Amino acid sequence: MAAYSFFTALVGILALSCVFAQIKKKEDNLGDKVHQLMEWNNKKSIIRLNGDKFRLYVKSPPRNYSVVVMLTALQPQRGCSVCKQANDEYQILANSWRYSQQYSNRLFFALVDYDEAVDIFQSMKLNTAPVFMHFPPKGKPKKGDTLDINRVGFAAEQLAKWVGERTDIQVRVFRPPNYSGTVALALLFAMVGGLLYFKRNNLEFLYNKTSWGIISLAVIFAMTSGQMWNHIRGPPVMHRNPNTGQMHYIHGSSQGQFIMETYIVMLLNTSVVVGFIMLNEAQNMKGDPGKKRILSLVGLGCVTIFFSLLLSVFRSKYQGYPYSFLFK
């Protein structure tokens, strides 16, 4: 009986020793992973991973840190202009975190390029880029751990807001100073000042209604087409449907837009205004009635056709809008 008790105690001690050994091994493994990530992060704010490193440091346990990964295609032969724009914003975010006072080993920013890890894209069934994903310390990524670029864009501020929602870590974005706007404004004032100085005896052009009208319309077209929204949100130029391969230039929701959509709306608004200008000029035209009639018809055609196209764009973004003109 005593021998049996001794044997049982010995088995228990060995079992506990194995458990503690496994825990120690996991802790050592986790410590090595964090140490390696911190070493890479001290060199670059974005850690570049291939397939093996991605599986080891991002997918495999144990982990006690979050990893935000941008899966992208930056090689020139891929022709992904959106990937370059997204990478610039992602770099701003990663630098803001790397040099902030809150920086710690709880969060890392990584990048996986398609040409360096094709198997990762295939295993995750990704056929588009860029894609931003958050990998939590425990468990698998959920639906919200993939950023909806079409809805919120990929500006650094929007990325930081999404990272805060997924990790409870607030990253304050610091953009590097950009003096191009200041220099351009200074040059513009210098050119205007120089023009006024050399034309100081002949300033009738300042009273030219046509010039001021064109400048005013240019500003109005830029603002009504959504240029400011593009500047704030940083949307993609266009979007290719991953299932059909079809290219979309108009966003299918009222909550977003593409850069190409901005130029389309600007062109349509310009064409409608040109049509109204033709109608007005035909009304005030003196001389040949035939030319007056042709100008009126051309102006009416511009207003009718391009306003109908503009209404079609509106219908495609606001599903269920009941009205249309020439086109559906």
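The values are calculated or read from the model by the stated rules, or taken from the named source; none is laboratory data. None of these values were measured; they are calculated from a predicted model. So basically every Cβ, Gly included, is an ideal-geometry build from the backbone, and we count neighbours across all protein chains shown. Areas reflect the complete protein model, heavy atoms only, side chains present, ligands, DNA and RNA absent. Shrake-Rupley method; radii C 1.70, N 1.55, O 1.52, S 1.80 Å.
Return yes when Gln283 is open to solvent by 70 Å² or more (accessible area, probe 1.4 Å) and in contact with a strand residue (DSSP E or B) (Cβ under 8 Å, 6 or more places away or on another chain) and no when it is not.
In short, no.
Hey, Lys317 hits all of (1) surrounded by 12 or more Cβ atoms within 10 Å (Cβ to Cβ); (2) of a type in the set (Lys, Arg); (3) farther than 30 Å from Gly79 by Cβ but one; which does it fall short on?
If we test Lys317 against (1) surrounded by 12 or more Cβ atoms within 10 Å (Cβ to Cβ); (2) of a type in the set (Lys, Arg); (3) farther than 30 Å from Gly79 by Cβ, just (3) comes out false.
Consider segment 246-299. How many of its residues are touching an Asp or Glu at 6+ places or on another chain (Cβ under 8 Å) and part of a loop (DSSP other than H, G, I, E, B)?
3
Scan segment 146-158 for residues that are part of a helix (DSSP H, G or I), of a type in the set (A, V, I, L, M, F, W, C) and modelled with pLDDT of 90 or more and jot them down.
Of everything in segment 146-158, just one residue is part of a helix (DSSP H, G or I), of a type in the set (A, V, I, L, M, F, W, C) and modelled with pLDDT of 90 or more, namely Ala156.
Show the residue pairs meeting these rules: Cβ distance below 9 Å; 6+ apart or different chains; first residue within segment 171-184 and more than 18 Å from Tyr99 (Cβ to Cβ); second residue among the aromatic types (Phe, Trp, Tyr) and modelled with pLDDT under 70.
Within 9 Å, no pair qualifies.
Write out, first by first residue and then by second, each pair whose Cβ atoms fall under 8 Å of each other, whose residues are 6+ apart or on separate chains, and whose first residue, in segment 24-43, is open to solvent by less than 50 Å² (accessible area, probe 1.4 Å) and in a helix (DSSP H, G or I) while the second is aliphatic (A, V, I, L, M) and at pLDDT 90 or above.
Lys33/Leu56; Leu37/Ile47; Asn41/Ile47
Please verify whether segment 126-145 includes one or more residues that are more than 23 Å from Trp229 (Cα to Cα), assigned to a helix (DSSP H, G or I), open to solvent by 20 Å² or more (accessible area, probe 1.4 Å) and hydroxyl-bearing (Ser, Thr, Tyr).
No, because not a single residue in segment 126-145 is more than 23 Å from Trp229 (Cα to Cα), assigned to a helix (DSSP H, G or I), open to solvent by 20 Å² or more (accessible area, probe 1.4 Å) and hydroxyl-bearing (Ser, Thr, Tyr).
When the residues of segment 88-125 are filtered to those that are without any contact (Cβ under 8 Å) to a residue 40 or more places away in the chain and part of a loop (DSSP other than H, G, I, E, B), which remaining residue is nearest to Lys142 (Cα to Cα)?
Filtering segment 88-125 for residues that are without any contact (Cβ under 8 Å) to a residue 40 or more places away in the chain and part of a loop (DSSP other than H, G, I, E, B), the one nearest to Lys142 (Cα to Cα) comes out as Lys125.
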